[in-house]
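The structure under discussion appears below in the form of C-alpha cells.
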Amino acid sequence: MAQRPKDKQPELPLPPRRGRAGALGDDARAVAQGALDRAGFADPTLVLRWDEIAGPETARLARPLKLSEGPSGGVLTLRAEPGAAVFLQHESRTLCERINTYLGRRAVARLKFVPGPIAPRPRLPVRPAAKAPVPATDPARKYEGPEGLREALLKLAQARRSP
C-alpha cells in the first residue's frame, strides 16, 4: 500500500556530520572576524584595502594595528618602520582625511605610530603561460596582410589555445 503525500512525515534537518572536514572559509571567516573585532575594526575593509587607501608608498612603510574610539574621536594605531614614523607623522592629517573619505564618516581623528618591522607581503608566483602551437587550419595562419598585424593575430590565436 503506497503512502499518499499528505501522510508523509515532515523531514527533520540532519544532524551535523562528525569527523568530516567542513568548509575552510567558514572557520577562517570566524577567526578573522574575531581578531579584527578585538583590534577594533568593525569594518575589515580598512585592513584589507590598506594599500589602496593609504597609497603604495605609505602602505609599504606602515600597517594598521588597532582602531580605538576615544573622547575626541577615533585613534588609529599604525605599526611603522622605525625610521619612517617621523616622516609619516608629517603626513598624518592627509592620511586621516584619506581614511575618513574611504570610510565615509569621521572615524579617525588622529594617528598613533608604533615602531616595528613591517614584513613584506608575499608575492604570488606568476606562472608563465604554456604556449600551445597554432594549427595550420587556424584562420590567423591564412591571413595575408601587413606582417605586424599577422604576428599579432598569431599571438592572439596562441593565447586563445593556451590552457
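What is the number of the single condition among (1) of a type in the set (Val, Ile, Thr); (2) touching a residue at least 12 places away in the same chain (Cβ under 8 Å); (3) surrounded by fewer than 15 Cβ atoms within 10 Å (Cβ to Cβ); (4) assigned to a helix (DSSP H, G or I) that Val86 does not meet?
(2)
Just one of Leu67, Leu76, Leu61, Leu95 is in contact with a Ser or Thr (Cβ under 7 Å, 6 or more places away or on another chain) and either touching a residue at least 40 places away in the same chain (Cβ under 8 Å) or of a type outside the set (D, E, K, R) (or both); which is it?
Exactly one of Leu67, Leu76, Leu61, Leu95 is in contact with a Ser or Thr (Cβ under 7 Å, 6 or more places away or on another chain) and either touching a residue at least 40 places away in the same chain (Cβ under 8 Å) or of a type outside the set (D, E, K, R) (or both), namely Leu95.
The conditions are (1) at pLDDT below 85; (2) farther than 22 Å from Asp43 by Cβ, and Arg121 fails exactly one of them. Which is it?
All conditions pass for Arg121, except number (2).
Restricting to region 70-87, count the residues that are at pLDDT 90 or above and either of a type in the set (S, T, N, Q) or under 9 Å from Phe113 (Cα atoms) (or both).
Qualifying residue count, region 70-87: 5.
If you take the residues in region 54-69 that are surrounded by fewer than 14 Cβ atoms within 10 Å (Cβ to Cβ) and not hydroxyl-bearing (Ser, Thr, Tyr), which one is modelled with the lowest pLDDT?
Result: Glu69.
Hey, among the residues in region 90-111 that are of a type in the set (Lys, Arg) and assigned to a helix (DSSP H, G or I), which one's surrounded by the fewest Cβ atoms within 10 Å (Cβ to Cβ)?
Looking at residues that are of a type in the set (Lys, Arg) and assigned to a helix (DSSP H, G or I), I get Arg93.
Between Val114, Val47, which is free of Cβ contacts under 8 Å to residues at least 60 places away in the same chain, surrounded by 10 or more Cβ atoms within 10 Å (Cβ to Cβ), assigned to a strand (DSSP E or B) and among the hydrophobic types (A, V, I, L, M, F, W, C)?
On inspection, the qualifying residue turns out to be Val114.
The values are calculated or read from the model by the stated rules, or taken from the named source; none is laboratory data. Since the model is a prediction, treat every value here as computed from it, not as a measurement. Here Cβ is always computed from backbone atoms with ideal geometry, including for glycine, and neighbour counts include all displayed protein chains.
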